[in-house]
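Got a structure for you, written out below as structure tokens; questions coming shortly.
The values are calculated or read from the model by the stated rules, or taken from the named source; none is laboratory data. This is a predicted model, so every value here is computed, not measured. Methodologically, a virtual Cβ is constructed for each residue, glycine included, from the backbone with ideal geometry; neighbour enumeration extends over all protein chains shown. Side chains are part of the model used for accessible areas, which takes the heavy atoms of the whole protein and leaves out ligands, DNA and RNA. Shrake-Rupley method; radii C 1.70, N 1.55, O 1.52, S 1.80 Å.
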Amino acid sequence: MAERAMQVFGVVGWKNNGKTTLVERLVAHLTAAGYRISTVKHAHHEVDLDQPGKDSWRHREAGACEVVLATARRWAVIHELRGEPEPPLRELLARMSPVDLVLVEGFKRFPHPKLETHRRERGTPLLAREDSTIVAVASDAPLPDLALPRLDLDDIAGIARFILGRLQIAPP
């Protein structure tokens with residue numbers, strides 16, 4: 001029997017509209033319900049997970065393409081692009097272990113279904129009006145002229161039900 005492809009659902013929105021908080025709360029809710037969840041986070045700025053002077057950092061600085069850092073509790077692969085283009089989301093997903101659901105924060109230009117986070121106080125325009133891959137908006141305010149489902153930003157159980165239903169993910 002062929003293994004089912006990992007299900008992917010995105011969370012997008014303007015800066016400071018609650019994306020990370022929503023992903024964090026969804027992960028906690030879904031893992032408590034027994035689902036296996038992984039995440040992918042896109043960053044628009046330089047990030048270094050390593051610490052200057054540490055052995056793994058020194059390996060990278062010496063020119064290693066990849067460094068695996070392993071301990072008794074976790075392991076990580078740090079892949080240096082060294083001039084290569086940023087990999088598309090599908091390539092990153094292919095490197096991940098199978099789970100029930102991968103929540104993707106960012107990567108708004110890729111074709112997976114997405115939920116937009118929107119906070120009234122931020123005053124930002126809705127991305128959903130221009131992006132057909134956004135299938136719902138989670139907001140702290142009514143959006144009466146929106147043709148998509150509007151979910152309460154604080155209704156984590158309701159948002160989780162929406163995502164699971166949309167992707168037809170069965171209970172664990």
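Between 101, 160, 138, whose Cα lies farthest towards the positive end of the dipole of region 90-172 when Lys and Arg beta carbons carry +1 and Asp and Glu beta carbons carry -1, centred on the Cα centre?
So the residue we want is 101.
Mind jotting down the three principal axis lengths of the chain based on Cα atoms? Whole angstrom, largest first.
On the principal axes, the chain reaches 57, 43, 25 Å in Cα extent.
Helix 19-32 versus the longest principal axis of the chain: what angle, 0 to 90°, nearest 10, using Cα atoms?
Helix 19-32 and the main axis of the chain meet at about 90 degrees.
How many Å² of accessible area per residue for the chain, probe 1.4 Å?
65
Additional query: Students often forget the sequence filter, so: which lysines lie under 28 Å Cα-Cα from residue 19 once same-chain residues fewer than 8 apart are removed?
Reachable lysines: 41, 108, 114.
Once you charge only the Cβ atoms, +1 for Lys and Arg and -1 for Asp and Glu, what is the size of the charge dipole of region 51-133 about its Cα centre, to the nearest 20 debye? Please list the in-between numbers first.
On the way: 15 positive and 13 negative charges, 52 e Å.
It comes to approximately 260 debye.
Using a 1.4 Å probe on the protein heavy atoms, what percent of the accessible area of region 83-172 belongs to carbon and sulfur? Walk me through the intermediate numbers first.
Numbers: 2620 of 5130 Å².
Roughly 51 percent of what the probe reaches on region 83-172 is carbon or sulfur.
Determine the gain in length on full extension of the stretch residue 92-residue 70; use 0.36 nm per residue of separation and subtract their C-alpha separation, reporting nm with one decimal.
5.9 nm
Would you be so kind as to identify which of 6, 172, 115 lies farthest towards the positive end of the dipole of the chain, taking Lys and Arg as +1 and Asp and Glu as -1 on Cβ and the Cα centre as origin?
Looking along the dipole axis, the top candidate is 172.
Tally the DSSP beta bridges in the chain and give the antiparallel ones as a percent, rounded to 5.
Around 20 percent antiparallel, to the nearest 5.
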